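The values are calculated or read from the model by the stated rules, or taken from the named source; none is laboratory data. The shown structure was predicted, so the numbers you read here are calculated from the model rather than taken from an experiment. With ideal geometry, Cβ positions are generated from the backbone for all residues, glycine too; neighbour counts draw on all protein chains shown.
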Amino acid sequence: MHRSIESITKQWLALGAGICLALSAAAQAKDTATHAQKEEDFYQINTVQIPEHVALEVGGLAFLPNDQLAVSTRHGEVWVIANPYMKNCTPPKYHLFAQGLHEALGLNYIKGDLYLTQRSELTRLRDLDGDGVADEYKTVYSWPLSGNYHEYAYGPVLDKDSVMTVNLNLGWIGYGESLSKWHGWMIKISPDGKMKPFATGMRSPAGFGLNNQGDMFYAENQGDWVGSGSITHVEENDFLGNPAGLIWAGEPGSGVKLRKSDIPDTDEPKYEVAKRVPGLKTPSVWFPHTILGVSTSGILNYDSKGSMGPFEGQVFVGDQGQSKIMRVYLEKVKGVYQGVVFPFREGFSSGILRLVWGSDGSMFAGMTSRGWSSSGGGLYGLQRLAWKGKTPFEMKTVQARPDGFEVEFTQPVDAKSAKEASNWALSTFTYQYHHNYGSPVVNEDSRVIKAIAVSDDRLKVRLVLDSLKLGYIHEIRAAGVLSENRNTLLHNFGYYTLNRIPDGDKLVITAENKVTEMTHEHMMMPGMGSKVLAKTVAGVKHQTTKPADWATGPDQTIAIGTKPGLKFDQETITIKAGSKIKLTFKNNDDMLHNFVVTKPGAANKVGELAVKMGLKGERMSFVPSSADVLFNTVLLHPKENDTIYFTAPSQPGEYQYICTYPGHYLVMRGVLKVVAK
């Protein structure tokens, strides 16, 4: 049977229309799809090979004029590495330049010579006969030592006047103490060995360096009098916060006027105390603990030597505990530095201590775990970070405005997503300033967005808030903001420290930019809720009194403590199935720890969950809400203890116990061996 030409034509037209509709729908689906970015898409980590006989626990990095890399180590050696870039797939060559030094935690090439810090001195190394080995080890300046293991020394770093600068760590005796002269200080040393005390109040100032303006910044680690990590602009005669070094403030050459008795210990935020204590310096940028590092380290200015994307003029800061690098944008408002810190690149093989630019614009990261552990897992390492030439969609900068913030992006934003208030979340918090080790997050509060304006080029978004909070950390999250190409942000949050509110024009709120409604969920910081500041761990997993239903017992009493190097003092504890246990955990270490018993094989999972707890982690003792957690203590400060009661599992087996403080679980663990009755 023959169909008419008209019938066939209609069928073809219908088929064509269907195909067009399908193609149009596919194109529309493609246009609305979002594209997630990954760090490795833009920044590649390359491992520099290390010979098996070399324990390269990096303390310092310095490039020589011939593009060879000099590396000082904790073991007191200086190695010179030829071809650290491993060009043409050729392995690097290592040459021992100096040895017999005492924990060399800093290195610099200055006017033809290598200078380094040892425990007790600033040393100049020279190769007098040209054989590639140092013949002269000259003491430029030395300082006293008590013999305490915590008296580290760092540097030298050249200041803007090319004067050598050295930082001296406090000792540790259950708290930070300046057991020897000038420990806890930044000091300046001339080539002829003359020393000038410059500033004090430092606890563990492992990282320091200059920004593009030639101003000196130092990185501080959480500890006593230090609620969280930070970087701070250091000027002459500053007091940075830890009172231990003030015992030397009256010595000749010191211009610091404060004394230990001038420093209140009230649990108030540091910014509030600084209003009453002239000379007390607050951080330029806080790094929220466990979110953006746990052991802030090397500072590297992004100047003409680097090639790391569109972030020139910013600084990169490493972290020892979390094996990663952060990115900081600084601005000066009313003569005071402040700014924002973002994540940049994680996934390094060990704990980052030093950063340096290579001649090709790549970044070398020198690493060591030093027994403290790091998320990278390796004992030491040397890696090179290279930019692949593609620009990620990122928040490039955040600048303070009289009524809020202006966020600049690396790519034009999708205006619709940027104007949607639900795609943003802003909140504020801070830390306590006190003698205790660290601080919980305190004074959490949400900020309401009143208006959002996108610039004509769609590279900037102005956020008008209900209020700003001086001296506080402002969390800025932009999880739903997309680029014009539908890319999600590589990192969708940053933390801005507001030390001054700038003058200037406020944004005129119009019908076009006004936010009509902000729900409570949009205002609250993700993960935040309860404002309880005390250590809290819910349920019978943390039983601190003898259970009422125990007619007898305990059947076994256990005492466990810590050892240096992130270790429990017992690797195995044996108990009987179903027995009644009283366990006391004492933290003998110089950092925070807890004791958590997990189900067999679940230790890593629980440890990883603890890392992800974020700002709420410390007040929850970094014990995640998980069925894999069986029993636990609270998080203990140095010298504290906690006693718990529990009934042993009825099923025999090997149950692991770990410290779930972020990063510690990798090495700080043992086995709770449950045996049949």
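All of E251, E235, E272 fail the test of being assigned by TED's automatic domain parsing to the domain that holds S374 and either outside any loop (DSSP other than H, G, I, E, B) or of a type in the set (K, R) (or both), apart from E272. It is to be established whether one or more residues within the stretch 250-273 are in contact with an Asp or Glu (Cβ under 7 Å, 6 or more places away or on another chain), modelled with pLDDT of 95 or more and closer than 30 Å to M367 by Cβ. No, because not a single residue in the stretch 250-273 is in contact with an Asp or Glu (Cβ under 7 Å, 6 or more places away or on another chain), modelled with pLDDT of 95 or more and closer than 30 Å to M367 by Cβ. Does any residue of the stretch 374-390 turn out to be under 30 Å from P243 (Cβ atoms), within 18 Å of the chain's Cα centre (by Cα) and surrounded by 23 or more Cβ atoms within 10 Å (Cβ to Cβ)? Within the stretch 374-390, one or more residues are under 30 Å from P243 (Cβ atoms), within 18 Å of the chain's Cα centre (by Cα) and surrounded by 23 or more Cβ atoms within 10 Å (Cβ to Cβ).
Being assigned by TED's automatic domain parsing to the domain that holds N237, out of contact with any helix residue (DSSP H, G or I) (no Cβ under 6 Å at 6 or more places or on another chain) and farther than 24 Å from H75 by Cα is a property that D129 lacks. The set of residues in the stretch 102-126 being of a type in the set (D, E) and either closer than 27 Å to G171 by Cα or touching a helix residue (DSSP H, G or I) at 6+ places or on another chain (Cβ under 7 Å) (or both) consists of E103, E121.
Note on the stretch 188-219: residues that are assigned to a strand (DSSP E or B) and either touching a Leu at 6+ places or on another chain (Cβ under 7 Å) or not assigned by TED's automatic domain parsing to the domain that holds M164 (or both) amount to 5.
Quick one: in the stretch 591-621, of everything that is free of Cβ contacts under 8 Å to residues at least 60 places away in the same chain, of a type outside the set (K, R) and under 27 Å from A577 (Cα atoms), which residue is surrounded by the fewest Cβ atoms within 10 Å (Cβ to Cβ)? Write out each step before concluding.
From the stretch 591-621, those free of Cβ contacts under 8 Å to residues at least 60 places away in the same chain are 599-602, 605-610, 612; that's our starting set.
From what's left, of a type outside the set (K, R): 600-602, 606-610.
Those left that are additionally under 27 Å from A577 (Cα atoms): 600-602, 606-607.
Working: P600: 15, G601: 12, A602: 18, V606: 24, G607: 26.
Here the residue is G601.
Criterion applied to F429, F342 was being modelled with pLDDT of 95 or more, hydrophobic (A, V, I, L, M, F, W, C) and assigned by TED's automatic domain parsing to the domain that holds P269, and the one residue passing it is F342. Within the stretch 124-144, the set of residues being among the hydrophobic types (A, V, I, L, M, F, W, C) and either surrounded by 12 or more Cβ atoms within 10 Å (Cβ to Cβ) or outside any loop (DSSP other than H, G, I, E, B) (or both) comprises L125, V133, A134, V140, W143. Is it the case that Y337 is among the hydroxyl-bearing types (S, T, Y), in contact with a strand residue (DSSP E or B) (Cβ under 9 Å, 6 or more places away or on another chain) and either in a loop (DSSP other than H, G, I, E, B) or within 22 Å of N212 (Cα to Cα) (or both)? So Y337 fits the description; yes. When every residue of the stretch 166-176 is checked against the conditions, at least one turns out to be assigned by TED's automatic domain parsing to the domain that holds K260 and more than 23 Å from the chain's Cα centre (by Cα).
May I ask you to verify whether I291 is modelled with pLDDT of 95 or more and among the hydrophobic types (A, V, I, L, M, F, W, C)?
When the stated conditions are applied, I291 does not pass them.
Here N66 meets each of (1) within 26 Å of G209 (Cα to Cα); (2) in contact with a Gly (Cβ under 9 Å, 6 or more places away or on another chain); (3) part of a loop (DSSP other than H, G, I, E, B) with one exception, condition (2).
Of all the criteria given as (1) at positive phi; (2) out of contact with any strand residue (DSSP E or B) (no Cβ under 9 Å at 6 or more places or on another chain), the one not satisfied by E103 is (2).
Test T139 against the criterion of being over 16 Å from H183 (Cα atoms) and polar (S, T, N, Q), and give yes or no. Spelling it out, T139 is indeed over 16 Å from H183 (Cα atoms) and polar (S, T, N, Q). Considering only residues that are among the acidic types (D, E) and not in a strand (DSSP E or B), look in the stretch 374-420 and name the one that is nearest to Y302 (Cα to Cα). Result: E394.
Each row is one residue, and each column tells you yes or no for (1) hydroxyl-bearing (S, T, Y); (2) over 17 Å from L116 (Cα atoms); (3) without any contact (Cβ under 8 Å) to a residue 24 or more places away in the chain; (4) surrounded by 14 or more Cβ atoms within 10 Å (Cβ to Cβ).
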position: A36; (1), (2), (3), (4): no, yes, no, no
position: Y43; (1), (2), (3), (4): yes, yes, no, yes
position: P51; (1), (2), (3), (4): no, yes, no, no
position: E57; (1), (2), (3), (4): no, no, no, yes
position: G60; (1), (2), (3), (4): no, no, no, yes
position: F63; (1), (2), (3), (4): no, no, no, yes
position: D67; (1), (2), (3), (4): no, yes, no, no
position: V71; (1), (2), (3), (4): no, no, no, yes
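Screening the candidates R345, R370 for the property of being in a loop (DSSP other than H, G, I, E, B), farther than 12 Å from I299 by Cα, of a type in the set (K, R) and in contact (Cβ under 8 Å) with a residue 40 or more places away in the chain yields one hit, R370.
Would it be correct to say that L101 is assigned to a loop (DSSP other than H, G, I, E, B), farther than 17 Å from N66 by Cα and either more than 32 Å from the chain's Cα centre (by Cα) or of a type in the set (D, E, K, R) (or both)?
Criteria not met by L101.
Being closer than 17 Å to K586 by Cα, among the charged types (D, E, K, R) and not assigned by TED's automatic domain parsing to the domain that holds P440 holds for only one residue in K639, K612, K616, and it is K639. State whether the residues of the stretch 77-85 include one that is among the polar types (S, T, N, Q), more than 21 Å from T368 (Cβ to Cβ) and either assigned to a loop (DSSP other than H, G, I, E, B) or in the same structural domain as R354 (by TED's automatic domain parsing) (or both). Taking every residue of the stretch 77-85 in turn, at least one turns out to be among the polar types (S, T, N, Q), more than 21 Å from T368 (Cβ to Cβ) and either assigned to a loop (DSSP other than H, G, I, E, B) or in the same structural domain as R354 (by TED's automatic domain parsing) (or both).
Any residue at all in the stretch 145-157 that's buried (at least 19 other Cβ atoms within 10 Å of the Cβ), charged (D, E, K, R) and under 26 Å from L210 (Cα atoms)? Scanning the stretch 145-157, I find at least one residue that is buried (at least 19 other Cβ atoms within 10 Å of the Cβ), charged (D, E, K, R) and under 26 Å from L210 (Cα atoms), so the answer is yes. Of the residues making up the stretch 637-668, those that are in a strand (DSSP E or B) and at pLDDT below 95 number 0.
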